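Enquirer: Dumping the structure here so I can ask a few things about it.
The values are calculated or read from the model by the stated rules, or taken from the named source; none is laboratory data. Being a predicted model, the structure only gives us computed values, none of them experimental. Quick reminder, even Gly has a Cβ in these numbers, built from the backbone with ideal geometry, and neighbours come from all protein chains shown. For the accessible areas, the whole protein counts, side chains as well, though only heavy atoms, and no ligand, DNA or RNA atoms are used. Shrake-Rupley method; radii C 1.70, N 1.55, O 1.52, S 1.80 Å.
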Amino acid sequence: MTSALNARVVILTGAGISAESGLRTFRAADGLWENHRVEDVATPQAFQRNPDLVYRFYNERRRSLATVQPNAAHLALARLEQAWSGDFLLVTQNVDDLHDRAGSRNLLHMHGELLKAQCLACRADMVWPGDMDRDSPCPICGHGPVRPHIVWFGEMPLEMDRIYQALDRCDLFLAIGTSGHVYPAAGFVEAVGPRARTLELNLEPSLAASAFLERRIGKATELVPAFVEELLG
Ligand code: APR
């Protein structure tokens, strides 16, 4: 069933898929994210306490996108989507734009996007390629300020209804490069229907590894293109 090109596929990706493009994962050995504690830059409380630091932090992350390229794993998933005739949904926890640049289309950024902003006055979301700060006006309502379009710890991830609907109906669920530390994404494998094939591709077994029927250990740039070949072959 799952090798048929009309099977329904849901793929979840995390920071591990972008690691070989040169973007750091969240849970590196020192426990810091780009030299900051997560509580200092990725919570609504941090933004209230020290907005300048949070704006600066995400401005740096946004600028760093110009220095990286999609890798073989991003490209393989875009190729899979193009060749697939069944339902296909790619859900990423990543706020980088590497899946978008690789050509993935049916893609949900459940934790937001670095290249977008949200207006704190009118709540509109908008494309935002440059720096932002507390004086950046909203181009839509003229007020603002705008904030990074990032789902911080304690906030509700995006598109949850659509994601759970797809998980419930899928025949194949694949998780790539995610540590299983952060919910709700870590619980997606438990939400798939009983007949679905579930497979984890990761550098090491994740915290959720035992919930998957199959596991493959290795680098995303090797495992993902090989698995895509298997599916399409
Ligand atoms: N290939 C495959 N897997 C890799 C690679 C690689 N080249 N490099 C690292 N990994 C694996 C790591 O072993 C780890 O299990 O990717 C995983 C990355 O885990 P995290 O850093 O915890 O990233 P992620 O799971 O995406 O984090 C989830 O946490 O801080 C929040 O909102 C943030 O979206 C993020 C969420």
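Enquirer: Might you work out the accessible area of ARG147 for me, using a 1.4 Å probe with all protein chains in place, and round it to the nearest 10 Å²?
Expert: Counting only protein heavy atoms, the figure is 20 Å².
Enquirer: Would you mind listing how long the stretch 28-121 runs along its three principal axes, going by Cα atoms, in whole Å with the largest first?
Expert: Here the Cα extents, ordered largest to smallest, are 48, 35, 22 Å.
Enquirer: If you don't mind, another one. How large are Rg and Dmax for the stretch 104-233 when only the alpha carbon atoms are used, in Å?
Expert: Radius of gyration, then largest Cα-Cα span, for the stretch 104-233: 18.2, 53 Å.
Enquirer: May I ask which residue of GLY154, PHE212, ALA117 lies farthest towards the positive end of the charge dipole of the chain, with charges of +1 (Lys, Arg) and -1 (Asp, Glu) on Cβ and the Cα centre as origin?
Expert: Final value for the positive-end residue is ALA117.
Enquirer: When only the heavy atoms of the protein chains count and the probe is 1.4 Å, how do LYS219, LYS116 rank by accessible area, highest first?
Expert: Listed by decreasing accessible area, they come as LYS219, LYS116.
Enquirer: Please sort 90-96, 148-154, 76-82 by packing, taking for each peptide the average over its residues of neighbouring beta carbons within 10 angstrom, highest first.
Expert: The packing order, highest mean first, is 90-96, 76-82, 148-154.
Enquirer: Placing +1 at every Lys and Arg Cβ and -1 at every Asp and Glu Cβ, with all other atoms neutral, what dipole size does the stretch 118-233 have around its Cα centre, in debye to the nearest 20?
Expert: Once rounded to the nearest 20, the dipole reads 160 debye.
Enquirer: Please turn the phi angles of the stretch 127-143 into ³J(HN,Hα) values with the Karplus equation 6.51 cos²θ - 1.76 cosθ + 1.60 (θ = phi - 60°), one per residue in order, whole Hz, x for glycine and proline.
Expert: The phi angles translate into 5, 9, x, x, 6, 9, 8, 5, 9, 5, x, 7, x, 8, 9, x, 9 Hz.
Enquirer: Within the chain, what whole-number % of the accessible surface is contributed by carbon and sulfur, with the 1.4 Å probe and all protein chains included in the calculation?
Expert: Taking all protein chains in place, the chain shows 50 percent carbon and sulfur surface.
Enquirer: Could you order the peptides 53-63, 130-140, 167-177 from most to least packed, using the average number of other C-beta atoms within 10 Å per residue?
Expert: Most protected by this proxy first, the peptides run 167-177, 53-63, 130-140.
Enquirer: Right, next: Please report Rg over Rh for the stretch 81-170, where both radii come from the alpha carbon positions and Rh follows the Kirkwood definition.
Expert: On the Cα set of the stretch 81-170, Rg over Rh gives 1.04.
Enquirer: Using θ = phi - 60° and the Karplus relation 6.51 cos²θ - 1.76 cosθ + 1.60, list the HN-Hα couplings for the stretch 101-112 in order, rounded to whole Hz, with x at every Gly or Pro.
Expert: Values, residue by residue: 5, 6, x, 5, 10, 8, 10, 10, 9, 5, 10, x Hz.
Enquirer: Nearest 20 debye, what's the magnitude of the dipole of the chain about its Cα centre given +1 on Lys and Arg Cβ and -1 on Asp and Glu Cβ?
Expert: 120 debye
Enquirer: Please give the per residue accessible area of the stretch 94-136, computed with a probe of 1.4 Å over protein heavy atoms only, in Å².
Expert: Value for the stretch 94-136: 45 Å² per residue.
Enquirer: Can you work out the Karplus-derived ³J(HN,Hα) for every residue in the stretch 115-122? Use 6.51 cos²θ - 1.76 cosθ + 1.60 with θ = phi - 60°, whole Hz, and x for glycine or proline.
Expert: Once θ is set to phi - 60°, the couplings for the stretch 115-122 become 8, 10, 10, 10, 7, 6, 8, 9 Hz.
Enquirer: If you stretched the chain out fully between ASP135 and ARG101, how much longer would it get, using 0.36 nm times the residue separation minus the C-alpha to C-alpha distance?
Expert: Once the chain is fully extended between ASP135 and ARG101, it gains 9.3 nm.
Enquirer: Modelling each spin label as a point 7 Å along the Cα-to-Cβ direction, I'd like the GLU190/LEU120 distance in nm, to one decimal.
Expert: Result for the modelled spin labels: 3.5 nm.
Enquirer: Consider just the alpha-carbon atoms of the stretch 1-74 and return their Rg together with their Dmax, both in angstrom.
Expert: 16.7, 52
Enquirer: Continuing with this model, one more query. Equivalent-ellipsoid semi-axes (√(5λ), Cα gyration tensor) for the stretch 38-81, whole Å, largest first?
Expert: So the three semi-axes of the stretch 38-81 are 32, 13, 6 Å.
Enquirer: A further question follows. With a 1.4 Å probe and every protein chain left in place, work out the accessible area per residue of the stretch 140-229 in Å², rounded to a whole number.
Expert: That works out to 51 Å² per residue.
Enquirer: Using only alpha-carbon positions, what ratio does the radius of gyration of the chain give when scaled by 2.2 N^0.38 Å?
Expert: 1.03
Enquirer: Just the Cα atoms of the stretch 140-215, one point each, no solvent: what log10 I(q)/I(0) does Debye give at q = 0.15, 0.16, 0.25 Å⁻¹?
Expert: Computed log10 I(q)/I(0) values: -0.59, -0.65, -1.21.
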